[in-house]
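The values are calculated or read from the model by the stated rules, or taken from the named source; none is laboratory data. Small disclaimer: the values here were computed from a predicted structure and weren't measured. Note: ideal-geometry Cβ built from the backbone for every residue, glycine included; neighbour counts use all protein chains shown.
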Amino acid sequence: MQNGILTVRALTEQLRKNLEGRFPFVWVRGEVSNLSRPASGHLYFSLKDAEAQLQCVWFRGQQGQAFDPLTGEVFDSSRPSPLDMLRNGAEMLCAGRITVYPARGQYQLLVEMAQPAGEGLLAQTFEARKRQLAAAGYFAQARKRPLPWDPQRVALLTSSTGAAIHDFMRLARNRGSGAQIRLFAVPVQGEEAAPAMVRALETVDRQGWAEVVVLIRGGGSLEDLWAYNEECLATAVFSSVTPVLAGIGHEVDVTLTDLTADMRAATPSHAAQLLWPDRNELRQRLDEALLSLQRVAGQWLAHKERAWEYLERARRTALGLERLAVREAGLEMARHRLDAAVRHLLAGHEHALQKSLLALEACDPLAPLRRGYALVYGAHGRLVRSVTETESGSRIDVRLHDGHVAAVVEDREQLTARGRNRKGGKQ
């Protein structure tokens, strides 16, 4: 520099130092444009809004982001990479330092990490709410209640058309000793989802019918599951009189509703497994109860036999004939009472055992098929309950007790209210 005159290089260097010192690390939100992916692996793009734009460079060596910079959560292998989500038109959050590129005399952002803008803001909101609810005691283990074992009355809050309800009901049919399930069909995504579930929880408590209420839905992104992070729903779960089981998303998905519920299931299927024991476990318990009954009855009979033997020995002693006769009469009466008591005890337990066996057999969904009945399934595996749900030429699957029969509907005939036949006809 001569006479206070700066070279372009010197001025650019001073600007670079000032910018890097002033903005060593900064988050910038904007829309991606002019994205370029040369063979070098470096990424060049701009972040823009309605009034300005910022040149960005994401060098290949800085693209190994493996954690969420807002929450510290380590990404699992199934989570989409920020590199794949970076595209023209996408709203992104980028973090790095501001510098000057001397060759063009322009400032730019050297990107170190990036993520979709929506997820970033939601993650910040999630963490803030999580801290707030934790401080209020929503997640305290001391307030969580145990779930009833093998519940007979269950309130289910989920979508009536999602995959989650099919997985849950499939296991419910094959586990436990049989239960009634009331479905409260609610949206599980969008702005109306959380208020609808809050109203359903209030209805469950008001009815007082259910032993436990279950909230389930399939997996999805943070935005998809956001209804379960709404404070109003977490508060409703916290205030619920009925114990709450939550099975939301996949095992890696954790929502505020999960954390507040009395128990969390990893998936909707896991929720059914937590509620009802395996049928074989019930049969084993029944066998153990029968064996215990037999053991107790045997011990009781042995005790009475020892008393009988004692009286027999006493009869042979030098007791007087009159006293002996009185004792023998009393012994005979005791023997009759013993026989009657044993028969009554065994009959009562045998009756209870038969009721339990009949209850288990009644829960067997295939029992009617062995008596000649059949189940007919139409398109998409749905059960056909009326001839109006079939069409001529459609394929059906007939389930018998020992297998399946595939068939095609040639004709259909429906019974009217007065018993007369009404032909559906070929179409």
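I need the full set of residues from region 227-259 which are of a type in the set (G, A, S) and either closer than 10 Å to L215 by Cα or not assigned by TED's automatic domain parsing to the domain that holds R217 (or both), in order please. Write out each step before concluding.
From region 227-259, those of a type in the set (G, A, S) are 227, 234, 236, 239-240, 246-247, 249; that's our starting set.
If the condition is that a residue be of a type in the set (G, A, S) and either closer than 10 Å to L215 by Cα or not assigned by TED's automatic domain parsing to the domain that holds R217 (or both), then A246, G247 are the ones that fit.
Kindly evaluate A314 against the criterion of being in a helix (DSSP H, G or I), in contact with a Lys or Arg (Cβ under 8 Å, 6 or more places away or on another chain) and within 22 Å of S177 (Cβ to Cβ). Please lay out each step first, then the result.
On the way: in a helix (DSSP H, G or I): yes; in contact with a Lys or Arg (Cβ under 8 Å, 6 or more places away or on another chain): yes; within 22 Å of S177 (Cβ to Cβ): no.
Answer is no for this residue.
Somewhere in region 281-293, is a residue charged (D, E, K, R), part of a loop (DSSP other than H, G, I, E, B) and free of Cβ contacts under 8 Å to residues at least 40 places away in the same chain?
Looking for residues that are charged (D, E, K, R), part of a loop (DSSP other than H, G, I, E, B) and free of Cβ contacts under 8 Å to residues at least 40 places away in the same chain, one finds none in region 281-293, hence no.
Out of everything in region 357-392 that is in contact with a Gly (Cβ under 9 Å, 6 or more places away or on another chain), assigned to a loop (DSSP other than H, G, I, E, B) and not hydroxyl-bearing (S, T, Y), what residue ends up being modelled with the lowest pLDDT?
The extreme case among them is C363.
Determine, yes or no, whether L201 is in contact (Cβ under 8 Å) with a residue 40 or more places away in the chain, touching a strand residue (DSSP E or B) at 6+ places or on another chain (Cβ under 7 Å) and closer than 22 Å to F126 by Cα.
No: the conditions fail for L201.
Among what's in region 250-289 and is among the hydrophobic types (A, V, I, L, M, F, W, C) and touching a helix residue (DSSP H, G or I) at 6+ places or on another chain (Cβ under 6 Å), pick the residue that is farthest from A234 (Cα to Cα).
Across region 250-289, the extreme among qualifying residues is L286.
Could you say whether any residue in region 155-175 is modelled with pLDDT of 95 or more and farther than 19 Å from D258 by Cα?
Looking for residues that are modelled with pLDDT of 95 or more and farther than 19 Å from D258 by Cα, one finds none in region 155-175, hence no.
Can you spot a residue in region 11-25 that is surrounded by fewer than 12 Cβ atoms within 10 Å (Cβ to Cβ), assigned to a loop (DSSP other than H, G, I, E, B) and at pLDDT below 90?
Yes, region 11-25 contains at least one residue that is surrounded by fewer than 12 Cβ atoms within 10 Å (Cβ to Cβ), assigned to a loop (DSSP other than H, G, I, E, B) and at pLDDT below 90.
Would you confirm whether any residue within region 255-267 is acidic (D, E), closer than 24 Å to L171 by Cβ and in contact (Cβ under 8 Å) with a residue 12 or more places away in the chain? I'd like the intermediate steps shown before the answer.
In the first step, residues of region 255-267 are kept if they are acidic (D, E); the result is 258, 262.
The next check asks that each one be closer than 24 Å to L171 by Cβ; those that pass are 258, 262.
From the residues that got through so far, the ones that are in contact (Cβ under 8 Å) with a residue 12 or more places away in the chain too are 258, 262.
Yes, the conditions are met somewhere in region 255-267.
Go through the residues of region 294-306 one by one and say whether even a single one is part of a loop (DSSP other than H, G, I, E, B) and not assigned by TED's automatic domain parsing to the domain that holds D402.
Scanning region 294-306 turns up no residue that is part of a loop (DSSP other than H, G, I, E, B) and not assigned by TED's automatic domain parsing to the domain that holds D402.
So, in region 94-132, exactly how many residues are touching an Asp or Glu at 6+ places or on another chain (Cβ under 9 Å), closer than 30 Å to T260 by Cα and of a type in the set (A, V, I, L, M)?
Residues flagged as touching an Asp or Glu at 6+ places or on another chain (Cβ under 9 Å), closer than 30 Å to T260 by Cα and of a type in the set (A, V, I, L, M) within region 94-132 amount to 3.
Output yes when any residue across region 201-214 is assigned to a loop (DSSP other than H, G, I, E, B) and modelled with pLDDT under 95, and no when none is. Please lay out each step first, then the result.
Restricting attention to region 201-214, the residues satisfying the condition of being assigned to a loop (DSSP other than H, G, I, E, B) are 208-211.
From the residues that got through so far, the ones that are modelled with pLDDT under 95 too are none.
No: zero hits.
Please find, within region 42-61, the residue that is farthest from V111 (Cα to Cα) out of those that are exposed (fewer than 12 other Cβ atoms within 10 Å of the Cβ) and not charged (D, E, K, R).
The residue in question is A50.
May I ask you to verify whether L47 is under 21 Å from A103 (Cα atoms), touching a residue at least 60 places away in the same chain (Cβ under 8 Å) and not in a loop (DSSP other than H, G, I, E, B)?
Here the answer is yes, as L47 does meet what is asked.
Going residue by residue through region 104-125, is there one that turns out to be surrounded by 14 or more Cβ atoms within 10 Å (Cβ to Cβ), in contact with a Ser or Thr (Cβ under 7 Å, 6 or more places away or on another chain) and among the charged types (D, E, K, R)?
no
Looking only at residues that are charged (D, E, K, R) and either part of a helix (DSSP H, G or I) or modelled with pLDDT of 90 or more (or both) in region 261-280, which one is nearest to L338 (Cα to Cα)?
Here the answer is R279.
Sort out which residues of region 218-241 are farther than 12 Å from V188 by Cα, out of contact with any helix residue (DSSP H, G or I) (no Cβ under 6 Å at 6 or more places or on another chain) and in a loop (DSSP other than H, G, I, E, B), and write them in order of number.
The answer is S221, and nothing else.
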